[in-house]
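The values are calculated or read from the model by the stated rules, or taken from the named source; none is laboratory data. None of these values were measured; they are calculated from a predicted model. So basically every Cβ, Gly included, is an ideal-geometry build from the backbone, and we count neighbours across all protein chains shown. All accessible areas refer to the heavy atoms of the entire protein, side chains included, with ligands and DNA or RNA removed. Shrake-Rupley method; radii C 1.70, N 1.55, O 1.52, S 1.80 Å.
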Amino acid sequence: MFVRKELQRLRDSIDNLDAALVHLLAERFKCTQEVGRLKAEYQLPPADPAREAAQIRRLRALAEESKLDPVFAERFLNFIIAEVVRHHELIASNHAAAKRD
Ligand SMILES: C=C(O[C@@H]1C=C(C(=O)O)C=C[C@H]1O)C(=O)O
């Protein structure tokens, strides 16, 4: 009985945290979509490797401070950034196509 209750209590928190993660990611992607539109309009490249490196350094340090595996934090951020850059490439090519038409 104890184990069932304890498991449920922990899973309730996991559910809340996962919901927060989805909301945080949705807000982050809203911002990055705007960045993508700005870059397309002003002909800036979709990826900014210097900014990515700075973010990864910052996130690795935060992960270490909060006892999260920094290797995991870096992989997670790289996964997100790859998706953002893919969006930016799409926005840029749609923008260029719209200007041609
Ligand atoms: C969001 C940007 O575009 C790209 C995505 C980044 C990110 O998701 O953190 C960082 C750098 C860029 O490669 C940006 O330039 O700020």
*Per residue and in Å³, how big is the convex hull formed by the alpha-carbon atoms of the chain?*
111 Å³
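Considering every pair of different Cα atoms, what Kirkwood radius, in Å, is found for region 23-79?
Answer for region 23-79: a Kirkwood hydrodynamic radius of 12.7 Å.
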*Roughly how much of D69 is accessible, in Å² to the nearest 10, using a 1.4 Å probe?*
80 Å²
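Please work out how much length the chain gains when fully extended from K30 to S13, using 0.36 nm per residue of separation minus the C-alpha to C-alpha distance, in nm with one decimal. Display every interim value, and only then the final one.
Values: separation 17, 0.36 × 17 = 6.12 nm, distance 2.58 nm.
Roughly 3.5 nm would be gained on extension.
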*What nm value, rounded to one decimal, do you get for the distance between V22 and K5 when each label is placed 7 Å out toward the C-beta?*
2.9 nm
